[in-house]
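Colleague: Can you read through this structure? Questions will come right after.
The values are calculated or read from the model by the stated rules, or taken from the named source; none is laboratory data. Remember, predicted model here, so these are calculated numbers, not experimental data. Note that each Cβ is placed from the backbone with ideal geometry, even for glycine, and that neighbours are counted across all protein chains shown.
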Amino acid sequence: MSPKVTKICCIGAGYVGGPTCAVIALKCPHITVTIVDLNQARIDAWNSPNFDLPIYEPGLEGVVRQARGRNLFFSTDVDKGIKEADLIFVSVNTPTKKSGVGAGFAADLNYVELATRRIAAVAESSKIVVEKSTVPCRTAESMRTILEANSKPGCHFDILSNPEFLAEGTAIEDLLKPDRVLIGSLQTAEGKAACAALSEVYGNWVPKDRILTVGLWSSELSKLAANAMLAQRISSINALSAICEATGANIDEVANAVGKDSRVGPKFLRASVGFGGSCFQKDILNLVYLSESLHLPEVAAYWRQVVDMNEYQKRRFAKRVVDTLFNTITGKRIAVLGFAFKADTGDTRESASISLIRDFVAEKAYVTVYDPKVTEEQIWLDLAEALSPTPLESIQKQVTIVHSALEACKKSEAVVIATEWKEFRDIAWQEVYDSMNKPAFVFDGRLLVDADALRKIGFSVTTIGRGERL
C-alpha cells in the first residue's frame with residue numbers, strides 16, 4: 001500500500017516551490033502544506049497582509065488568498081516543517097556553477113545537498129523526498145546516499161523526481177491544467193508505492209492519463225530534454241530571422257508557413273532578441289556538461305550551439321541599433337522598454353535586456369529603463385553583476401530607471417522594445433514621437449508593434465526578422 005500524504009513541506013519559496021505548493025494546497029484542502037525558506041524577507045512577503053507577494057505571476061495572488069491560513073502556511077522554521085511532513089519537496093535554486101569543475105556549464109547542487117543533509121539530520125520518521133528543482137541526471141542517487149548515510153534508526157527515505165514544466169507568466173494555468181505531471185521513482189516496491197502516494201495528491205485535480213510515472217533517471221533527463229528542445233526551436237527561428245533581414249523575407253510569414261506543418265507545429269517559433277529565464281540556458285549547459293562527462297563531444301557541441309545562437313542574436317540586435325543610429329550611440333539616449341526576460345513575470349534571470357544595456361553602456365550611451373513589474377533594486381543588482389567590476393555609482397551615471405514608458409522615451413533618440421508587455425503595444429506613440437529627438441527610431445525586438453502605423457507617425461522602425469522587400 002502507498003503511504004498516505006496528509007502533510008507536505010516544500011523547502012524553497014521561490015518561483016517553483018511557491019506557486020506549485022500553493023496550487024496543491026488549493027486543490028487538496030485535506031492536506032496541510034507548509035512552504036519553508038531561510039530568507040525571512042521572502043517569507044514575510046508571502047505572509048503579507050496586503051498580499052504583496054515576492055514574485056509576480058498572473059493568478060497567483062488569488063490562489064494564495066483562498067488557501068493561506070486554511071491549509072497553506074509560509075515559515076522560516078525549516079526543521080519543524082521537515083519533522084511534521086509525510087512528503088517533502090526540495091525546490092531550491094540550482095544555478096550554473098561559477099567556479100570549480102564544470103564552471104559555466106554544470107549545475108551548482110550546493111543548495112540541494114544542504115537541504116538533503118538538513119532533512120537527514122532533522123527527520124524523526126520516514127519521508128518521501130521529492131526532487132522539484134531542475135537537476136542533472138542521477139542527482140537522486142546522490143541524495144539517497146546522503147539520506148541513508150545520515151538518517152536516524154527507523155527512518156526510511158524514498159526519493160522521487162517530479163520536475164516542473166511551468167512557463168513563467170502562465171504558471172498557475174499550467175499547474176491547474178497541466179499537459180502532464182511526470183513522476184520518476186526507483187522501480188522497487190517501495191519506490192512505486194511512494195510514486196503512487198504523490199500521484200494520489202495530483203489526482204485530486206489532474207486526470208489520471210496525464211500523470212506519467214517513469215524511472216527515476218528518465219524523469220530527471222526528461223526535464224533537461226524538454227527545455228533543450230524548446231530552446232532549440234527558438235534559436236532555430238532566430239537564426240532564420242537573420243537570413244530574413246538580409247534577404248527581405250518576413251520572419252512572421254516564414255514561421256507561420258513552417259508552423260502549419262503538422263509535424264512541426266506553431267509553438268516556440270516566434271523570433272525575438274533572444275530567450276532568457278532560469279531554465280533554458282541553464283538546462284542546455286547542463287546537457288552539454290553531461291555529454292562531455294560521458295565522452296560525447298559531438299553531442300555536447302550540438303547543444304552548445306543552441307546557446308551560442310542565442311548569444312549571437314542578442315549581440316546582433318545591439319549591433320543593429322548602433323549601425324542604424326549612424327554607427328555611433330555615444331552620448332545618445334536610448335529607452336529600453338522591458339527588463340523582465342518575458343512578459344507577465346518579474347523574473348530577470350538571463351534577460352536579453354541585461355545584455356543589451358551592457359552593450360549600450362559600453363558604447364557610452366545613456367540608457368533609460370522601464371519595466372512594469374521588475375523592482376529598481378533587482379535592476380541595479382543585475383546591472384552591477386553584468387557590468388562588474390564597474391562600480392554601481394558609475395553605472396548610475398549612464399542608466400536611469402523610470403516609472404512609465406512615456407517617461408523612458410522622453411528626449412531619447414531610440415526606443416528598444418526588449419520585453420513583450422502588452423502595454424507597450426498600446427503606448428500613445430504619437431505622444432512618444434513628439435517627445436523624442438529627431439529622427440526618432442524604434443527597434444522592435446519582440447515583434448510587438450504595428451510597424452506601418454509607427455512609420456506613418458514618423459518613426460524609423462526596425463523589426464527583428466524583417467528586411468526590406470526586394
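Colleague: Please enumerate the residues belonging to region 1-15 that are among the aliphatic types (A, V, I, L, M) and either assigned to a helix (DSSP H, G or I) or modelled with pLDDT under 95 (or both).
Modeller: The answer is M1, and nothing else.
Colleague: Moving to a separate point now. A362: at pLDDT 95 or above, more than 24 Å from F441 (Cβ to Cβ) and more than 19 Å from the chain's Cα centre (by Cα), yes or no?
Modeller: Here the answer is no, as A362 does not meet what is asked.
Colleague: Sticking with this one: Taking the condition of being out of contact with any helix residue (DSSP H, G or I) (no Cβ under 8 Å at 6 or more places or on another chain) and part of a loop (DSSP other than H, G, I, E, B), how many residues in region 35-60 meet it? I'd like the intermediate steps shown before the answer.
Modeller: Of region 35-60, the ones out of contact with any helix residue (DSSP H, G or I) (no Cβ under 8 Å at 6 or more places or on another chain) are 39-45, 47-50, 56.
Of the ones still in play, those that are also part of a loop (DSSP other than H, G, I, E, B) are 39, 47-50, 56.
Of the residues in region 35-60, 6 are out of contact with any helix residue (DSSP H, G or I) (no Cβ under 8 Å at 6 or more places or on another chain) and part of a loop (DSSP other than H, G, I, E, B).
Colleague: On the basis of being part of a helix (DSSP H, G or I) and modelled with pLDDT under 95, does Y289 make the cut?
Modeller: Judged against the criteria, Y289 is a match.
Colleague: A follow-up question, please. Do the conditions hold for V63, that is, is it over 28 Å from L287 (Cα atoms), assigned to a helix (DSSP H, G or I), at pLDDT 90 or above and among the β-branched types (V, I, T)?
Modeller: So V63 fits the description; yes.
Colleague: Within the set of pairs 6+ apart or on separate chains, which have a first residue in region 376-387 that is touching a residue at least 24 places away in the same chain (Cβ under 8 Å) and surrounded by 13 or more Cβ atoms within 10 Å (Cβ to Cβ), a second that is aliphatic (A, V, I, L, M) and part of a helix (DSSP H, G or I), and C-beta atoms under 6 Å apart?
Modeller: D382/I354; L383/I395; A386/I354; L387/I395
Colleague: With a cut-off of at least 2 residues that are β-branched (V, I, T), within 23 Å of V254 (Cα to Cα) and modelled with pLDDT of 95 or more, name the strands (runs of 3 or more DSSP E) lying wholly within region 375-470.
Modeller: Working: elements: 399-401, 414-417, 441-444, 460-463.
So the answer is 460-463.
Colleague: Now for a separate question. Among the listed residues F74, F105, identify the single one that is modelled with pLDDT under 95, more than 26 Å from L186 (Cα to Cα) and touching a helix residue (DSSP H, G or I) at 6+ places or on another chain (Cβ under 7 Å).
Modeller: F105
Colleague: Taking region 98-131 as the search range and keeping residues that are of a type in the set (K, R) and over 19 Å from the mean Cα position of the chain (by Cα), which one is nearest to A85 (Cα to Cα)? Before the answer, list the steps.
Modeller: Here is the first cut: in region 98-131, the residues of a type in the set (K, R) are 98, 117-118, 127.
If we keep only those that are over 19 Å from the mean Cα position of the chain (by Cα) too, we end up with 117-118, 127.
Numbers: R117: 16, R118: 14, K127: 7 Å.
Filtering region 98-131 for residues that are of a type in the set (K, R) and over 19 Å from the mean Cα position of the chain (by Cα), the one nearest to A85 (Cα to Cα) comes out as K127.
Colleague: Based on what the data block shows, is G338 touching a residue at least 60 places away in the same chain (Cβ under 8 Å), farther than 17 Å from S460 by Cβ and in contact with a strand residue (DSSP E or B) (Cβ under 9 Å, 6 or more places away or on another chain)?
Modeller: So G338 passes the test.
Colleague: Same structure, new question: Which of (1) crowded, with 16+ Cβ neighbours inside 10 Å; (2) touching a residue at least 60 places away in the same chain (Cβ under 8 Å) does T324 not meet, given it meets every other one?
Modeller: Single failed check for T324: (1).
Colleague: It is to be established whether one or more residues within region 236-251 are part of a helix (DSSP H, G or I), acidic (D, E), touching a residue at least 24 places away in the same chain (Cβ under 8 Å) and touching a Lys or Arg at 6+ places or on another chain (Cβ under 7 Å).
Modeller: Yes: one or more hits.
Colleague: Scanning region 292-339 for residues that are in a helix (DSSP H, G or I) and among the small types (G, A, S), which turns out farthest from Y433 (Cα to Cα)?
Modeller: Out of the qualifying residues, it is S293.
Colleague: Only residues in region 162-190 that are under 23 Å from W217 (Cα atoms) count as the first member; pair them with residues that are among the acidic types (D, E) and surrounded by fewer than 18 Cβ atoms within 10 Å (Cβ to Cβ), Cβ under 7 angstrom, at least 6 apart or cross-chain, and list the lot.
Modeller: Taking only residues 6 or more apart or on different chains, the pairs are F165/D179.
Colleague: Just wondering, is there one or more residues in region 266-281 that are at negative phi and part of a helix (DSSP H, G or I)?
Modeller: The answer is yes, given that some residue of region 266-281 is at negative phi and part of a helix (DSSP H, G or I).
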